[in-house]
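**Student:** This structure is in C-alpha cells; I'll ask about it shortly.
Taken together, the values in this text are just the output of simple stated rules run on the coordinates, not laboratory data. In this text the structure is predicted, and so the values were computed from the model without any measurement. As a convention, Cβ positions derive from the backbone with ideal geometry for all residues, glycine included, and neighbour counts pool all protein chains shown.
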Amino acid sequence: MKSMDKIVSLCKRRGYLFQSSEIYGGIQGFWDYGPLGVELKRNLKDAWWHDMIGGHNELIQPQTAPSTFEMVGLDSTIIMHPQVWKCSGHYDLFHDHMVDCRESKKRYRFDQIRGRWVEYQDKKVFVTTLAEAEQELDEVRRRGMKFFKLRNKDADKIAVGNESLTLDKLDSTVDVLAPDAKSLDTLTEPREFNLMFKTTLGALGGADDTTFLRPETAQGIFVNFKNVLDSSRISLPFGIGQVGKSFRNEITPRNFTFRSREFEQMEIEFFCHPDQSQEWYRYWRDRRLEWYKSLGLSDESLIMREHHQEELAHYSVGTADIEYAFPFLPEGEYGELEGIAHRGDFDLRSHMEGKLDPSTRPMQVELGEDGKPKYRGSGRDLTYRDEATNEKFVPHVVEPSAGADRAVLAFLCEAFTEDEAPDENGKLQSRTVMKLHPRLAPIKAAVFPLVKKDGMPEVAHEIYGELKRHMNVFYDEKGAVGRRYRRQDEAGTPYCITVDTETLTDKTVTIRDRDTLEQSRVKIDDVVAELQSRINA
C-alpha cells in the first residue's frame with residue numbers, strides 16, 4: 001500500500017501543495033497550491049471543461065447518449081441572497097452531527113470517530129483514535145494498554161479487534177474512550193451543526209445583513225435557469241456547467257485535502273424531460289466513471305456505488321458515488337470522489353414554490369404584502385415549454401458533482417510510484433516518479449543540454465523557447481543529466497528532451513519517456529508536433 005506520508009512529503013518538496021499560512025502555524029482545513037500544484041489543478045479543470053462542456057460531443061466511448069444535447073457554462077457569485085439557502089434547504093437541513101469531549105474540550109464529527117474494540121480480562125472498551133489508517137491498529141493498541149495501565153511486556157494480554165469501525169455504527173450504550181481522553185464516556189450526545197459559513201453584508205452588520213458563503217455551486221445554476229434558457233436559446237436536454245469555490249465549516253477537516261473547509265467544485269446540472277431522466281442518470285453516471293479512467297485512475301482503485309434507499313438525500317431519486325481507494329483509508333475502503341445525483345424536479349420546484357418537500361421541515365420564506373413570495377426566483381415560474389409539442393413541465397435534473405481538490409488528490413495518489421531506473425552509467429537506482437497523465441502533468445517537457453558547452457545550451461534554449469509557445473516546459477542545465485531526469489520524474493514531467501553531440505551534426509534530439517524510459521531521436525523541427533501528438537494520444 002502506498003504511504004500517505006511519502007505522498008504528502010513529495011507534494012511539499014516539489015511544490016504541489018503547502019499548508020495555508022504555514023509560517024504562522026497553519027490553519028486547519030485550508031491548503032495552498034504551489035507552482036506545480038496550481039498547474040496540475042488548472043490542467044484538471046481544463047480537461048473537465050473541454051470534455052464535459054466545450055467538447056461534450058466528443059464522447060468517451062463506449063457510452064452512448066440517449067439523444068443529442070447541448071452544454072453551456074456559468075460563473076455565479078460566491079455570496080448569494082440568503083433566501084436562496086432557505087428555499088434550497090441548506091439553512092435548515094445542511095448539517096453534520098458533532099460531539100464534544102467534556103474532558104479534552106475538543107469537537108469531532110460523529111461519523112468520523114473511528115476505532116476498535118479492546119478487551120482485557122473481563123473489561124471491553126471501544127478505543128478511538130484520529131490516526132491515519134496505516135497507524136490505526138498500533139495507536140489503538142497503545143491507547144488501550146495505557147488505559148488498562150499495562151506495560152509493553154504485557155502487550156499479549158489484551159485483545160484488539162480486527163475490524164475498524166466508526167462510532168455512529170455502534171450502540172450508544174457502549175464504553176467509549178474518546179480520541180484525546182483518558183477517561184471513558186466523555187463524549188456528549190450527537191447534535192446538529194450547520195456547515196455554512198456566515199458573513200455580513202454592508203457596513204451596519206445587523207441581523208438583517210447576515211448571509212453565507214455558498215456551500216455548493218449548484219444553486220447558482222438553478223436560480224439562473226431561466227436566464228440561461230432565455231438568453232442562449234438552447235432547448236432540452238441541456239446542461240449548465242460551473243467550476244468554482246465552495247465553503248463548508250467542516251467540524252474535523254482531515255486527510256490532507258480530502259476534507260477541507262475551502263474547496264473547488266466542478267458541477268453540471270443537466271436538465272431533461274422527466275420521462276428521460278433515468279436514461280440520462282445512467283448515461284452521466286457511466287460517462288463520469290470512464291472520464292477518470294481515461295486520465296489514468298485504475299480499475300482496481302475505483303468503484304461505482306449506488307446509494308441504498310435509506311442513504312438517499314430527501315430530494316434524491318437516485319444517487320451513485322464514484323469512489324477511490326485513497327491510501328489514508330483502511331484497506332478495502334473507498335472515499336467519495338464524485339457524486340452523480342438524480343435530483344428530480346426538487347430544486348427548480350423549491351425555488352418556484354418557496355418551500356421544501358412536505359416530508360421535511362416547513363420553511364419560512366419572506367412574503368410580500370400580497371402574500372406571495374417577495375423575491376424574484378422564489379415564486380417565479382421555472383417551468384419549461386417544449387416548442388414542438390407545447391408541453392409545459394418542470395425539468396428533471398441530473399447532477400454530476402466532482403471535487404477538483406479531491407480529484408487532484410486522487411491523481412496524485414495514483415501517480416505516486418516507487419521503482420528502479422538505470423542511471424547514466426546503466427546502474428539501477430531507486431526512484432520516485434509521479435506517473436501523471438500527460439494531459440494533467442504540470443510540466444509537459446523538460447529541455448536539457450547534455451553539457452554546458454560546445455553550443456548545446458544555445459540550441460537547447462531555442463528548442464525551449466519554441467516549445468514554451470505551445471505548452472508549459474522547463475529548462476535545466478545544472479548537474480548530471482541522470483539527476484536532472486530524477487528531478488523531473490518526481491515532478492511528473494512525462495518527457496525530457498536532451499541536446500547532445502549528435503544534435504550539433506544531424507539536428508536531432510533525444511526524447512526520453514518518463515514511464516517506459518525509452519529514448520528516441522526526433523528532428524528538432526518535429527519536436528513540437530511529436531510532443532503534442534503524445535500528450536493528446
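**Student:** Which percent of Cα pairs goes in each bin when the distances of region 1-72 are cut into 5 angstrom slices starting at zero?
**Tutor:** P(r) over region 1-72, rounded to whole percents: 3, 13, 15, 16, 12, 10, 11, 10, 7, 2, 1.
**Student:** For region 443-535, what proportion of DSSP beta bridges, expressed in % and rounded to the nearest 5, is antiparallel?
**Tutor:** On the way: 9 of 17 bridges.
DSSP beta bridges in region 443-535 are roughly 55 percent antiparallel.
**Student:** Let me ask something else. Between Asp138 and Asp122, what is 0.36 nm times their sequence separation minus the Cα-Cα distance? Round to one decimal in nm.
**Tutor:** Net length gain for the segment: 3.6 nm.
**Student:** Can you give the calculated 222 nm mean residue ellipticity of the chain, where each DSSP H run of n ≥ 4 adds -39,500 (n - 2.57) and the sum is split over every residue, rounded to the nearest 500 deg cm²/dmol?
**Tutor:** Here the helix-only value at 222 nm equals -7500 deg cm²/dmol.
**Student:** Using Cα pairs under 8 angstrom and six or more residues apart, how large is the relative contact order of region 185-265, in percent? Before the final figure, lay out each step's value.
**Tutor:** Working: 83 pairs, mean separation 22.5, N = 81.
Once normalised by length, the contact order is 28 percent.
**Student:** Considering only DSSP beta bridges with both partners in the chain, what is the antiparallel share in %, to the nearest 5?
**Tutor:** 85
**Student:** Here is a further query. Taking Cα pairs under 8 Å and at least six residues apart, what relative contact order does region 452-537 come out at, in percent?
**Tutor:** After rounding, I find 22 percent.
**Student:** So, one more: Please compute the alpha carbon radius of gyration of region 97-193, then divide it by the globular-protein estimate 2.2 N^0.38 Å. Two decimals is fine.
**Tutor:** Normalised by 2.2 N^0.38 Å, the Cα Rg of region 97-193 equals 1.03.
**Student:** So, in nm, how far is label Asp370 from label Ala155 when the simple model puts each one 7 Å beyond its Cα toward the Cβ?
**Tutor:** The two pseudo-label positions are separated by 7.6 nm.
**Student:** In the chain, which longest range has no GluC sites (Glu not before Pro) that are both DSSP loop (not H, G, I, E or B) and surrounded by at most 15 other Cβ atoms within 10 Å?
**Tutor:** Looking at the chain, 164-330 is the longest stretch - no exposed GluC sites (Glu not before Pro) with at most 15 other Cβ atoms within 10 Å.
**Student:** Sticking with this one: Please give the length that would be gained between Glu462 and Arg521 if that part of the chain were fully extended, namely 0.36 nm times their separation in residues minus their C-alpha to C-alpha distance (nm, one decimal).
**Tutor:** On the way: separation 59, 0.36 × 59 = 21.24 nm, distance 1.75 nm.
So the extension gain works out to 19.5 nm.
**Student:** Hey, if you put +1 on the Cβ of every Lys and Arg and -1 on every Asp and Glu Cβ in region 443-535, which of Gln488, Gln519, Ala460 ends up farthest toward the positive end of that dipole?
**Tutor:** Selected residue: Gln488.
**Student:** Next up: Scaled to the compact-protein estimate 2.2 N^0.38 Å, what is the alpha-carbon radius of gyration of region 130-177, rounded to two decimal places?
**Tutor:** 1.23
**Student:** Run down the aspartates and glutamates and flag those whose C-alpha is under 18 Å from the C-alpha of Lys153, throwing out any fewer than 8 positions away in its chain.
**Tutor:** Cross-link targets: Glu119, Asp138, Glu139.
**Student:** For the chain, compute Rh as the Kirkwood radius over C-alpha pairs and then the Stokes-Einstein diffusion coefficient at 20 °C and 1.002 mPa s; write the answer in µm²/s, rounded to an integer.
**Tutor:** The estimated diffusion coefficient comes to 81 µm²/s.
**Student:** Do any trypsin sites (Lys or Arg not before Pro) in region 221-298 lie in a DSSP loop with no more than 15 other beta carbon atoms within 10 Å, and if so, which? Kindly include the intermediate steps, with their values, before the conclusion.
**Tutor:** On the way: sites: Lys226, Arg233, Lys245, Arg248, Arg254, Arg259, Arg261, Arg282, Arg285, Arg287, Arg288, Lys293; in loops: Arg233, Arg248, Arg261.
In loop regions of region 221-298 (DSSP not H, G, I, E or B), the sparsely surrounded trypsin sites (Lys or Arg not before Pro) are Arg233.
**Student:** Let me ask something else. Out of the trypsin sites (Lys or Arg not before Pro) in region 447-513, which ones are loop residues according to DSSP with at most 16 other C-beta atoms within 10 Å?
**Tutor:** Those satisfying the criteria are Lys452, Lys453, Arg469, Lys478, Lys507.
**Student:** Provide, in order from the shortest bin, the percent of all Cα-Cα pairs of region 230-359 in each 5 Å bin, continuing until the bin that contains the maximum pair distance.
**Tutor:** Reading upward from the zero bin: 2, 8, 14, 18, 22, 18, 10, 6, 2, 0, 0.
**Student:** How big is the charge dipole of the chain about its Cα centre, in debye rounded to the nearest 20, if each Lys and Arg gets +1 on its Cβ and each Asp and Glu gets -1 on its Cβ?
**Tutor:** Roughly 1580 debye, rounded to the nearest 20.
**Student:** Something else: Just want to confirm a number: the relative contact order over the chain, from Cα pairs under 8 angstrom separated by 6+ residues, in percent.
**Tutor:** 14
**Student:** Evaluate the charge dipole of region 443-535 about its Cα centre and quote only its size in Debye, nearest 20, assuming +1 on the Cβ of each Lys and Arg and -1 on the Cβ of each Asp and Glu.
**Tutor:** 320
**Student:** Another question, then. Find the Cα radius of gyration of region 407-456, compare it with 2.2 N^0.38 Å by division, and give the number to two decimals.
**Tutor:** On the way: Rg = 14.9 Å, N = 50, 2.2 N^0.38 = 9.7 Å.
Against the empirical 2.2 N^0.38 Å value, I get 1.53 for region 407-456.
**Student:** From the Cα gyration tensor of region 173-249, with a ≥ b ≥ c the square roots of its eigenvalues, which class applies: rounded if a/c is under 1.5, or else prolate if a/b is larger than b/c, or else oblate?
**Tutor:** Numbers: a/c = 4.25, a/b = 1.98, b/c = 2.14.
Because a/c hits 1.5 or more and a/b fails to exceed b/c, region 173-249 counts as oblate.
**Student:** While we're looking at this one, here's another question. Jot down the per residue volume, in cubic angstrom and as a whole number, of the convex hull over the alpha-carbon atoms of region 433-537.
**Tutor:** So the per-residue hull volume is 85 Å³.
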